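**Q** Take this structure, written in structure tokens, and hold onto it; I'll ask about it next.
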Amino acid sequence: MIALTVAQIAEIVGGRLADITPEQAERTVVTGTVEFDSRRIAPGALFLALPGARADGHDHAASAVDAGAVAVLAARPVGVPAIVVEPVASDSRSGALEHDDEAGSGAAVLAALAKLAAAVAAALVAKGLTIVGVTGSSGKTSTKDLIAAVLAPLGEVIAPPGSFNNELGHPWTVLRADENTDYLVLELSARHRGNIAALAAIAPPQIAVVLNVGTAHLGEFGSREAIAETKAELAQAVPASGVVILNVDDSAVAAMADKTVARVLRVSRSAPADVWAGPVVLDELARPRFTLHAGAGESEVRLGVSGDHQVGNALCAAAVALECGATPQQVADALAGAGPASGHRMHVSTRADGVTVIDDSYNANPDSMRAALQALAWIARGENPGEKRHSWAVLGEMAELGEDAISEHDRIGRLAVRLDVSRLIVVGVGRSMGAMLHGAVMEGSWGAEATAVPDVDAALALLRAELQAGDVVLVKASNSAGLTALADALSSEDPGDRR
């Protein structure tokens, strides 16, 4: 973050000083980062005291100061130098807090954080910072990582780790930027209409990317049309001097060209488009190769990430870099060296015994589940269809699908069978997982080909007992299903030490 005094921060957020005099506040400078985890505090930091499900940050304020924080941003005095903001009525839809009785104080601290981030973003944009915003129903994190990779040769880049894309992670990421930052890449998510508009207002993007409109969070939005309207909020936030990059292979995204005053740049897997891909070929690990076409320029691209669906993500990243001055060859070189940067997202690894693990366990929705299953089928099939490898799809629940949960899980079970996946392991109990198993059985998966287990431990025990050298395993579910632990165990397991 740019250096600011405690007094300046108090003025920006509209807070009052506690346990620090005005004179001391004028002399005390926040020179480090803003942190909401007291364990990550370094000298010069500002500690953000947030209530949570397991702990209240206010209770850790003193230890944060002991660790080097110069002040705390809080909703009440905490016995150490603090900027106190008054509790406000919270929006119960925000999902920011775990307990209603602490919603007011949490909302106040988050609102103050947003004000601080907005002030810092405005100051840095005035000095030349370029802000890039990315949204979509799926692929946001992967695309954000690719954008960061292709911009890195052009200057200093700040991008969020993992999926820091909500009312806490978004401003937190903004505050990682300082005077040395050339590009700030932000991922924007939503659970309700207006969420993306509110995030974009904190750090208005000069370049916006809209990937797709799918069915993630359908239970919250109610319809795909409502999701499209919410994703369009990012395009609408870009000024006339900016550019909106649209994946026009998605018709709902293509229609957003009429909803922005900014210049529109279209990307597609085929011409005609401003940035497009020639014929796509996948290698043995489903890593795409294609010719990148941009205006009169072109370059051969070999992606370092797996999955045919990554082509659209890479094209959007390429469009951002080209807009910022990169050449097609610079883009191609950066994409080739960009592997999965965020954990548990299409990370493909091969163990010493030849077992290939596709770890895509961080999140799942119907679109990303289909893409991951297609990648599994491709890797198992390999270059020689006559030597097809035994494939396993270990799948957990896709959360927040509302009334469509049963039908969507049923479709995924059927798709696994149609793609000739050797074994489907359905992890978890409940109607959705029962529907996935039922779909596979009704599609023709008999006997042990489709199996249901109650939890991660049972799934791991089954795999340890039956997994053979050379098999291919996909692990995928929404994060709430907890399959990341299973993926970690499979990826790191010593094949000679199975218990």
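**Q** Which net charge results for the neighbourhood of Met1, defined as the other residues with beta-carbon distances under 12 angstrom from its beta-carbon, given Lys and Arg at +1 and Asp and Glu at -1? Intermediate values should be presented prior to the final figure.
**A** On the way: positive: Arg176; negative: Glu35, Asp178, Glu179.
Taking every Cβ under 12 Å from that of Met1, the sum is -2.
**Q** Can you give the extra length, in nm with one decimal, that the chain gains between Val261 and Ala123 once fully stretched, where that is 0.36 nm per residue apart less the Cα-Cα distance?
**A** 47.3 nm
**Q** In the chain, if the dipole is taken from +1 on Lys/Arg beta carbons and -1 on Asp/Glu beta carbons about the Cα centre, which of Gly79, Ser491, Ala152 is farthest to the positive end?
**A** Ala152
**Q** Would you please state which residues of region 282-325 a label at Ala336 would reach in this model, taking the label point 7 Å out along Cα→Cβ and a backbone N cut-off of under 12 Å?
**A** 290, 299-304
**Q** May I ask you to evaluate 6.51 cos²θ - 1.76 cosθ + 1.60, the Karplus curve with θ = phi - 60°, for each residue of region 317-331 and list the ³J(HN,Hα) values in order in whole Hz, giving x for glycine and proline?
**A** 4, 4, 4, 4, 5, 4, 5, 8, x, 6, 8, x, 5, 4, 5
**Q** Could you give the size of the charge dipole of the chain about its Cα centre, using +1 on the Cβ of each K and R and -1 on the Cβ of each D and E, expressed in debye and rounded to the nearest 20?
**A** Values: 38 positive and 60 negative charges, 133 e Å.
Dipole size: approximately 640 debye.
**Q** Taking the Cβ of Asp145 as the center, what net charge do the other residues with Cβ under 13 Å away carry, scoring Lys and Arg +1 and Asp and Glu -1?
**A** For residues surrounding Asp145, the net value is +2.
**Q** Of Ala341, Pro328, Ser391, which is farthest on the positive side of the dipole of region 309-403, counting Cα position, with +1 on Lys and Arg Cβ, -1 on Asp and Glu Cβ, and the Cα centre as origin?
**A** Ranked along the dipole, the leading option is Ser391.
**Q** Would you mind pulling out the separation of the Cα centroids of region 4-18 and region 119-183, in Å?
**A** About 25 Å separates the Cα centre of region 4-18 from the one of region 119-183.
**Q** When only the heavy atoms of the protein chains count and the probe is 1.4 Å, how do Ser361, Ser63, Ser422 rank by accessible area, highest first?
**A** Ranked from most to least accessible, the order is Ser63, Ser422, Ser361.
**Q** Quick one: which residues, 5+ away or cross-chain, put their amide H under 5 Å from the amide H of Val209? H built at 1.01 Å from N.
**A** Residues meeting the amide H criterion: Gly133, Val134, Thr135, Ile245.
**Q** Now for a separate question. If packing is taken as the average count of other Cβ atoms within 10 Å, what order do 201-210, 326-335, 257-266 fall into, highest mean first?
**A** 201-210, 326-335, 257-266
**Q** Sticking with this one: Top to bottom by accessible area (1.4 Å), largest first, where do Glu167, Glu23 land?
**A** If we order Glu167, Glu23 from most to least accessible, we get Glu23, Glu167.
**Q** Per DSSP H run of at least 4 residues, take -39500 (n - 2.57); add these up for the chain, divide by its residues and hand me the 222 nm value, nearest 500 deg cm²/dmol. List each step's numbers first, then the result.
**A** Numbers: 17 runs with 176 residues, N = 499.
Using -39500 (n - 2.57) per qualifying helix, the result is -10500 deg cm²/dmol.
**Q** Continuing with the same structure: Does anyone have the angle between helix 224-236 and the longest principal axis of the chain? Alpha-carbon axes, 0 to 90°, nearest 10?
**A** In the chain, helix 224-236 runs at an angle near 50 degrees to the longest axis.
**Q** If Lys and Arg each add +1 and Asp and Glu each add -1, what is the summed charge of the other residues whose beta carbon sits under 9 Å from the beta carbon of Ala393?
**A** Local net charge: +2.
**Q** Which entries of Lys231/Lys259; Lys140/Lys259; Lys144/Lys231 have Cα-Cα distances beyond 19 Å here?
**A** The pairs that break the limit, which is 19 Å between Cα atoms, are Lys140/Lys259.
**Q** If you don't mind, another one. Which of the peptides 151-158, 241-248, 396-403 is most tightly packed, and how do the rest follow, going by the mean number of other Cβ atoms within 10 Å of each residue?
**A** 241-248, 396-403, 151-158
**Q** Ranked by accessible surface with a 1.4 Å probe, highest first, in what order do Ile20, Ile12, Ile227 come?
**A** Ile12, Ile20, Ile227
**Q** Whole-Hz Karplus ³J(HN,Hα) for region 269-283, in order, using 6.51 cos²θ - 1.76 cosθ + 1.60 and θ = phi - 60°, x for Gly and Pro?
**A** Working through the residues one at a time gives 6, 8, 6, x, 6, 5, 10, 8, 10, x, x, 9, 10, 9, 8 Hz.
**Q** Moving to a separate point now. How much accessible surface does His344 have with a 1.4 Å probe, in Å² rounded to 10?
**A** Accessible area of His344: about 40 Å².
**Q** On to the next question. Using 0.36 nm times the number of residues separating Ser480 and Glu449, minus their current alpha carbon distance, what extension gain do you get?
**A** Values: separation 31, 0.36 × 31 = 11.16 nm, distance 2.54 nm.
Between Ser480 and Glu449, full extension yields an extra 8.6 nm.
**Q** Solvent-accessible area of Glu387, probe 1.4 Å, all protein chains present, reported in Å² to the nearest ten, please.
**A** Per-residue accessible area (Glu387): approximately 130 Å².
The values are calculated or read from the model by the stated rules, or taken from the named source; none is laboratory data. Not measured: the values here are computed from a predicted model. Ideal geometry is used to build each Cβ from the backbone, glycine not excepted, and the neighbour counts take in all protein chains shown. Quick note on the areas: whole protein, heavy atoms, side chains included, nothing else; ligands and nucleic acids left out. Shrake-Rupley method; radii C 1.70, N 1.55, O 1.52, S 1.80 Å.
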